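Below: the structure, in structure tokens.
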Amino acid sequence: MSTLDVDGLIDDPDTRVIVCCGSGGVGKTTTAAAIAVRAAERGRTAVVLTIDPARRLAQALGLAELGNVPRKVTVPGFDPKGELSAMMLDMRRTFDDMVRAHAGPKRAEEVLANPFYRTISSSFSGTQEYMAMEKLGQLVAAGTWDLIVVDTPPSRSALDFLDAPQRLSTALDGRMIKLLTGPARAGGWGIRKVVSAGFGLFAKAVSTIVGGQLLADASAFVQAFDGMFGGFRERARRTYELLRSSGTAFVVVAAPEPDALREAGYFVQRLASESMPLAGLVVNRTHPVLATLPAPKALGAAANLEATGNAPLAAAVLRLHADRVALAQRENRLVARFTKAHPAVAQIHVPAMAADVHDLAGLRHIGNRLTHTP
Amino acid sequence: MVTTPVVGWTEQIARARLHVVTGKGGTGKSTVAGALALALATGGRRVLIVEVEGRQGVAQLFDTPPLPYSEEKVASAPGGGEVRALHIDVEAALLEYLSMFYNLGFAGRTLRKMGAIEFATTLAPGLRDVLLTGKIKECVTRTDDSGRHVYDAVVVDAPPTGRIVKFLDVTKAMADLAKVGPIKGQSDGVVRLVHSGDTAVHLVTLLEEMPVRETIEAVEELDGADLRPGAILLNRVRPPRLPARSVTAAADGEVDASRVREDLRAAGLDLSDADVDGLVEETVEHAIRVHAEQRARAQLAEIDLPAVELPEQVDGIDVGTLYELAEALVDQGVR
């Protein structure tokens, strides 16, 4: 196992996009922000695209208001050699903008007013992922930044990020819906004839369940959308290609917990099968032992001290040290299992901060830990 | 030192038959749902744990092979109870649902192969949740020949806090979209159940800032939607090691290193400077964490809900620790 060299990654001018991915709750957003801050301080013109930052982290980046365009981070005491901008993804607005960009004004208004569009653009489970990709494409196209750091949506499964655009794309593809809405649409009969009779029944059943109105809305939406669809698919394809290019680096983030490491393992395999460039794994929030005293010895001495009753602090120090040894051993075991399965993946272990990070100083500190800078 | 007055399991919660377990991602929601199911089954009751997010986490938790779409026994509880598990397969649930109204025959399988069902659930994003909540309601209300409820309690490993209200009230939302059809009829039943005293929505949290904040927001959201928050389930609670009076000073970095060194020497440990420094640093980190935990407890105390605690399991979770957690819950009055 080699060490993930984060400084090497951000100092390399050929690195244009860093994607931080991993399952929910592992510290992706904070890691992405810390990498971006460090990159700016080391001279890059960087932008960080965050998805759902904790409020105080957003404030630390000057993102108090939700905006859908990057804003330069100007915080007292932050005077980077390069430059840092930050933005928070507003998925609804990104989707609306995309519709406006692809359709004529009249058709765009039609789509935006459609109830089915409103459902899809605000609550479809893959929309956030898709819009994150779309925004990434826009940031790259803008050419303003030489490094883009992307946080990925907080999904349960890290793989959603790669699969969602495809799923949404299928949903917006007109074929299925034409089948469902059948005879009312041109060509409907033709297609209907070649599929099994069961489909007609199914269409009827679905329409009974979700209600005819919803299907009609969906149908109207897909018709209005049809002309734009080629453009959508083309953009999604280009972003996908971008993710496979050598200027991109995926940083997989995991906590030293079984579920998070399992997800990280799936993701690593998936990246390999899609030929997407993996930089390495950040094992986030570890608890390394800071003193060489073995746990049994600490516990024995603690028991002795407790028996005398006159050194409660020292006894507590020993007990909490033994807890920490046990925790570190568990974390090491879990990480060793990952390493065994994925020996070629570079790693860096980032010790947990004692308190939550909510300012630039904290992000800088995490940057130091990410690079093992004292 | 601030502590949450632990009220434990109230009479009102004990009367609930549907226990919905939610929490921020990463708080150990599934583990807690499993332990709760075992605790509720203790003493001879029959409990069903339902998984809705298609991860087979329940199977892993109880160390069984991946669950099919049927109610399988996964554990025996102390005192003769049993826990069954159901992993809801949305496609199968949709076909089951359709077959209530249509005779699809083998066409069902064909549709499944074509991806038509996935498409239908994609088309109407709420359809998925409608099917899930519909199936849950069916399990809660199912009775045997003698008219007795088949399950004494149903525990749902539910979606995370951010999605929970939308999930539970999906039939309400869908009823607005679909003004006619079977959904309309079914939605009324689900709405009645989840808004009744038969349902309690429990919130799993850690004693950390973000999960606590999300918990408080979720409680407000539940109250706003007229859903009933049940108990706060404090997960991975670690024992406080430091004497209470030392915490604040230690959190500020004030640990008397020379005093510690002398006391350790008296206990027969002659440590290097580096080791003493290391121990002091560990102590400061511990104290900062305990401090944050105290703040978290104080914040949780303000929402004034019953709370139970599950101790941290340093060696991870296996079936054995699941029983230990269940026992801890029973000791705190879970029934």
Filter result (in a strand (DSSP E or B) and of a type outside the set (K, R)) within region B:38-82: B:V47, B:L48, B:I49, B:V50, B:E51, B:E72, B:V74, B:A75, B:S76, B:E82
Counting only residues that are assigned to a loop (DSSP other than H, G, I, E, B) and acidic (D, E), how many does region A:308-359 have? 2
Residue count, region A:77-100, condition free of Cβ contacts under 8 Å to residues at least 24 places away in the same chain and either touching a Ser or Thr at 6+ places or on another chain (Cβ under 7 Å) or farther than 17 Å from A:A36 by Cα (or both), comes to 1
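Here is a yes/no grid of residues against (1) without any contact (Cβ under 8 Å) to a residue 60 or more places away in the chain; (2) surrounded by 20 or more Cβ atoms within 10 Å (Cβ to Cβ); (3) touching a Phe, Trp or Tyr at 6+ places or on another chain (Cβ under 7 Å); (4) under 20 Å from A:D11 (Cα atoms):
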{"residue": "A:R333", "(1), (2), (3), (4)": "yes, no, no, no"}
{"residue": "A:R337", "(1), (2), (3), (4)": "no, no, no, no"}
{"residue": "A:K340", "(1), (2), (3), (4)": "yes, no, no, no"}
{"residue": "A:V350", "(1), (2), (3), (4)": "no, yes, no, yes"}
{"residue": "A:D356", "(1), (2), (3), (4)": "no, no, no, no"}
{"residue": "A:T371", "(1), (2), (3), (4)": "no, yes, no, yes"}
{"residue": "A:P374", "(1), (2), (3), (4)": "yes, no, no, yes"}
Residue check for A:L334: over 24 Å from B:A250 (Cα atoms) and not basic (K, R): yes
Name the single residue, out of those in region B:212-226 being away from chain A (no Cβ under 14 Å) and in contact with a helix residue (DSSP H, G or I) (Cβ under 6 Å, 6 or more places away or on another chain), that is nearest to B:V190 (Cα to Cα). B:A225
Say whether the condition of being more than 30 Å from B:T31 (Cβ to Cβ) and surrounded by fewer than 14 Cβ atoms within 10 Å (Cβ to Cβ) is met by at least one residue in region A:247-258. no
Return a yes/no flag: does region A:58-68 have any residue that is outside any loop (DSSP other than H, G, I, E, B), assigned by TED's automatic domain parsing to the domain that holds A:I148, modelled with pLDDT under 90 and out of contact with any Asp or Glu (no Cβ under 8 Å at 6 or more places or on another chain). yes
Tell me, which residue of region B:44-54 that is among the charged types (D, E, K, R) and under 15 Å from the mean Cα position of the chain (by Cα) is nearest to the other protein chains (Cβ to nearest Cβ)? B:E53
In this structure, is A:L57 of a type in the set (A, V, I, L, M, F, W, C) and either touching a strand residue (DSSP E or B) at 6+ places or on another chain (Cβ under 6 Å) or more than 14 Å from chain B (Cβ to nearest Cβ) (or both)? no
Since B:V130 meets every condition but one in (1) surrounded by 21 or more Cβ atoms within 10 Å (Cβ to Cβ); (2) closer than 26 Å to B:L233 by Cα, which condition does it not meet? (2)
In this structure, is A:P76 over 17 Å from the mean Cα position of the chain (by Cα), surrounded by fewer than 24 Cβ atoms within 10 Å (Cβ to Cβ) and in a loop (DSSP other than H, G, I, E, B)? yes
Every listed condition ((1) closer than 22 Å to A:H287 by Cβ; (2) surrounded by fewer than 15 Cβ atoms within 10 Å (Cβ to Cβ); (3) of a type outside the set (A, V, I, L, M, F, W, C)) holds for B:E285 save (2)
Considering only region B:235-335, give the helices (runs of 4 or more DSSP H) lying wholly within it that have at least 2 residues that are away from chain A (no Cβ under 13 Å). B:273-303, B:319-331
Could you tell me which numbered condition A:T31 fails, if it satisfies all but one of (1) of a type in the set (S, T, Y); (2) closer than 26 Å to B:E214 by Cβ; (3) surrounded by fewer than 24 Cβ atoms within 10 Å (Cβ to Cβ)? (3)
Name the residue that is farthest from A:T31 (Cα to Cα), counting only residues in region A:1-16 that are in contact with a helix residue (DSSP H, G or I) (Cβ under 7 Å, 6 or more places away or on another chain) and at pLDDT 95 or above. A:T15
Among A:V345, A:V283, A:V325, which is the only one that is within 10 Å of chain B (Cβ to nearest Cβ) and touching a residue at least 24 places away in the same chain (Cβ under 8 Å)? A:V325
Residue count, region B:250-302 (criterion: hydrophobic (A, V, I, L, M, F, W, C), over 16 Å from A:A291 (Cβ atoms) and free of Cβ contacts under 8 Å to residues at least 12 places away in the same chain): 1
Inside region A:91-144, counting only helices (runs of 4 or more DSSP H) that do not spill past its ends, which hold 3 or more residues that are closer than 18 Å to A:T239 by Cβ and under 22 Å from the mean Cα position of the chain (by Cα)? A:91-102, A:127-142
Residue pairs qualifying under the 9 Å Cβ cut-off, at least six apart or on distinct chains, with the first in region B:206-217 being surrounded by fewer than 21 Cβ atoms within 10 Å (Cβ to Cβ) and the second being among the hydrophobic types (A, V, I, L, M, F, W, C) and not in a helix (DSSP H, G or I), are B:E209/A:A54; B:E209/A:A355; B:M210/A:A54; B:R213/A:A54
Check off (1) in contact with a Gly (Cβ under 9 Å, 6 or more places away or on another chain); (2) in a helix (DSSP H, G or I); (3) at pLDDT below 80 for B:A120 and give me the number that stays unchecked. (1)
Checking A:L63 against (1) closer than 20 Å to A:C20 by Cα; (2) of a type in the set (A, V, I, L, M, F, W, C); (3) touching a helix residue (DSSP H, G or I) at 6+ places or on another chain (Cβ under 8 Å): exactly one of these is not met. Which one? (3)
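The values are calculated or read from the model by the stated rules, or taken from the named source; none is laboratory data. Being a predicted model, the structure only gives us computed values, none of them experimental. Using ideal geometry, Cβ is built from the backbone for each residue, glycine included, and neighbour counts are taken over all protein chains shown.
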